[in-house]
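The structure appears below as structure tokens.
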Amino acid sequence: MTDTAKFETQTKALIDDLKSVCANYGLGNDGNEFKIITQVFLYKFLNDKYVYELKQLEPALANAENLDEALDNYSDDDLEMLSIQINENTAKFTPKNLLSKLFKEQNKDKFADIFDQTLTDVAKANNDIFSVLTQGGEKVVLFENISKYVTDNRDAFCKALVNKLVDFSFEHIFTQKFDFFATIFEYLIKDYNTNSGGKYAEYFTPHAVAKIMAACLVPANKKINNVTCYDPSAGSGTLLMNIAHAIGEDKCTIYSQDISQKSSALLRLNLILNNLVHSIHNIIQGNTILHPYHKQENGQLEQFDYIVSNPPFKLDFSDYSADLDTKANQERFFAGIPKVPNKKKESMAIYLLFIQHIMHSLTQHGKAAIVVPTGFITAQSGIDKKIRQKLVESKMLAGVVSMPSNIFATTGTNVSILFLDKTNTKDVVLIDASNLGTKVKEGKNQKTVLSKAEEDQIINVFNTKEVKDDFSVVVSYKDIEAKNYSLSAGQYFEVKIEYVDITAEEFATKMNTFETNLEGLFAESKSLEKEIQKNLKKLNYE
């Protein structure tokens with residue numbers, strides 16, 4: 001087993017152990033379980049990262065048999081000087097808040113209070129860099145009192161958590177790369193980021209979709225520096241992490257907004273794992289459509305170089321819909337505001353507002369990739385068509401990839417990826433990838449999984465604008481206009497007729513076969529006709 005595989009196994013085992021503790025104290029599948037698991041995991045990760053950085057700076061600490069005793073030999077001023085030298089992406093700890101000290105105090109009375117105080121002290125000390133903002137300006141700090149989620153045996157519960165944390169060190173994983181942390185993050189949140197049936201469906205974007213979006217926006221070996229990346233419905237940040245990784249985590253700044261409190265907390269965790277702490281202060285919890293947060297000094301909406309998004313397709317926006325119809329929003333929502341259905345308010349097509357918001361939020365050189373329901377690319381009227389018409393007329397459409405059905409295990413809606421590029425002056429590539437993939441069962445749902453070769457096929461064809469029979473076409477903006485702005489690749493595929501030379505004898509044989517088959521069908525038809533008439537006569541009025 002490689003070191004990476006070993007660390008992955010050990011990290012997943014730690015996550016399972018923490019979940020087991022929650023289950024033993026009656027919190028299994030409780031709504032608060034994810035808060036405990038993610039916060040305790042994050043405390044452990046930040047603790048070990050701080051210790052790792054200390055040891056990098058001070059060989060004496062790296063060689064010490066007992067870190068706590070070695071730290072006791074340092075004055076407060078010396079420790080403060082060390083903390084100043086530590087990477088700014090690393091949370092700062094005082095010695096008394098380290099896990100090793102917490103472990104030694106586990107048998108004290110009211111240990112739960114000590115545990116909670118330790119976590120809140122760490123949160124307070126790192127408030128400026130690690131807090132997520134709400135649209136109202138409130139700071140959501142790193143940690144809260146965790147023991148409050150159990151009613152009895154609070155001390156024993158916190159003691160059990162701490163004992164799971166001390167058996168494994170994260171110090172060995174900080175040299176791991178993006179794929180490792182993407183796997184760990186997905187495993188960590190897999191039980192907490194599903195569609196719970198609520199009005200806001202927090203779908204986790206499959207890794208294959210996120211990879212294709214990033215690789216088509218940022219082709220391999222393309223050097224990019226100092227750019228901004230934005231997701232107006234970020235969820236837990238899978239799309240942002242992939243685009244940041246394609247560009248280079250140190251070459252971009254992340255911005256996001258999402259109405260979900262849980263998603264914003266998960267996104268912060270994702271940023272920390274992927275060395276993007278410098279962007280945490282740009283993570284906003286709030287309503288993007290009603291109150292977009294990121295603005296320029298002149299009050300205009302901020303514009304971004306890269307935008308990725310998998311917005312909710314439907315949402316009950318009836319309480320806010322009327323508030324959007326303002327003069328200030330006329331330019332942003334140029335194609336209109338979707339109507340709220342009378343009987344099924346939750347079916348309002350909210351994604352149409354997100355597409356228009358994204359178009360409005362791109363810089364003059366900006367690019368975007370958006371997951372949309374496939375129905376959007378062929379709708380014959382309404383807001384959908386107006387948006388496509390604007391994309392074509394303003395020449396900001398780069399391409400569309402229609403994905404296989406069930407690429408999202410949690411929804412049966414077919415999806416496509418819409419690619420925008422405000423610098424595109426050439427033709428548009430349309431790809432029909434609906435026949436790719438392998439069907440597998442995931443729980444009660446069926447899911448389509450793309451192989452790496454299939455992912456690469458989509459990415460290569462898109463980036464090279466290659467034409468492949470029954471798979472991809474390259475069309476002009478005029479071609480799209482002539483097809484009533486349809487973005488479905490299938491409507492542009494050539495219908496090919498193959499001519500085969502045959503002999504007179506072969507022709508006669510084929511005709512005889514056709515005549516014989518037709519005679520049989522006609523005979524069967526007459527028999528069925530008699531049978532139907534016979535049965536009709538048996539029908540009586542009662």
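Quick note: the coordinates plus some simple rules give every number you see, no bench work behind them. Given the structure is predicted, the values throughout are model-derived calculations rather than measurements. A quick note on method: Cβ atoms are made from the backbone with ideal geometry, for glycine too, and the neighbour counts reach across all protein chains shown.
Per-residue packing, averaged as other Cβ atoms within 10 Å, sorts the ranges 251-260, 389-398, 83-92 into the order 251-260, 389-398, 83-92, beginning with the highest.
Packing here is the average count of other Cβ atoms within 10 Å per residue, and on that basis the peptides 234-243, 510-519, 441-450, highest first, run 234-243, 441-450, 510-519.
Length gained on full extension, Asn226 to Gln491, computed as 0.36 nm times the residue gap minus the Cα-Cα distance: 91.4 nm.
Computed over the chain, the per-residue total of -39500 (n - 2.57) for DSSP H runs of n ≥ 4 gives a 222 nm mean residue ellipticity of -13500 deg cm²/dmol, rounded to 500. If a spin label sat at a point 7 angstrom from the Cα of Lys441 along the line to its beta carbon, the backbone N atoms of region 395-409 nearer than 17 Å would be those of 409.
Can you give me the relative contact order of region 331-374 as a percent, contacts being Cα pairs under 8 Å and 6 or more apart?
On the way: 24 pairs, mean separation 15.4, N = 44.
Relative contact order, region 331-374: 35 percent.
Subtracting the Cα-Cα distance of Lys190 and Glu498 from their residue separation scaled by 0.36 nm leaves 105.9 nm.
Of the DSSP H helices in the chain, those with a Cα length along their own long axis of 20 Å or more and a mean Kyte-Doolittle hydropathy reaching -1.0 comprise 3-24, 33-57, 111-125, 504-538.
Checking the a/c ratio against 1.5 first, then a/b against b/c, what shape does the Cα gyration tensor give for region 29-175? In terms of gyration-tensor shape, oblate. Spin-label model, Ala60 to Lys537: label points 7 Å out along the Cα-to-beta-carbon direction sit 11.2 nm apart. Compared with the alpha-carbon gap, the fully stretched path from Glu331 to Gln380 is longer by 15.4 nm at 0.36 nm per residue. Mind listing which chymotrypsin sites (Phe, Trp or Tyr not before Pro) in region 305-398 are in a DSSP loop and have 16 or fewer other Cβ atoms within 10 Å? Those that pass, being in a loop and sparsely packed, are Tyr320, Phe334. If R0 is 30 Å, the Cβ-Cβ spacing of Thr253 and Glu466 corresponds to a FRET efficiency of close to 0.35.
What is the chain's relative contact order, in percent, from Cα pairs under 8 angstrom and six or more apart in sequence?
Values: 783 pairs, mean separation 53.2, N = 542.
Contact order relative to length: 10 percent.
Each label point was placed 7 Å from the Cα along the Cα-to-Cβ direction; for Thr183 and His278 their separation is 2.8 nm. When you work out D = kT/(6 pi eta Rh) for region 207-310 at 20 °C and 1.002 mPa s, using the Kirkwood radius from C-alpha pairs as Rh and the Stokes-Einstein form, the result is 156 µm²/s.
Here each label is just a point 7 Å from Cα along the line to Cβ, and for Phe522 and Asn87 those points are 8.3 nm apart. Shown is the FRET efficiency for Phe103 and Gln261, computed with R0 = 35 Å from the Cβ-Cβ distance and rounded to the nearest 0.05: 0.70. Kirkwood radius for region 435-542, taken over all pairs of different Cα atoms as the inverse mean of 1/r, rounds to 20.7 Å. Counting only DSSP beta bridges with both residues in the chain, what percent are antiparallel, rounded to the nearest 5? Taking every DSSP beta bridge within the chain, about 55 percent pair in antiparallel fashion.
Among beta bridges from DSSP that stay inside region 174-303, the antiparallel ones total about 10%.
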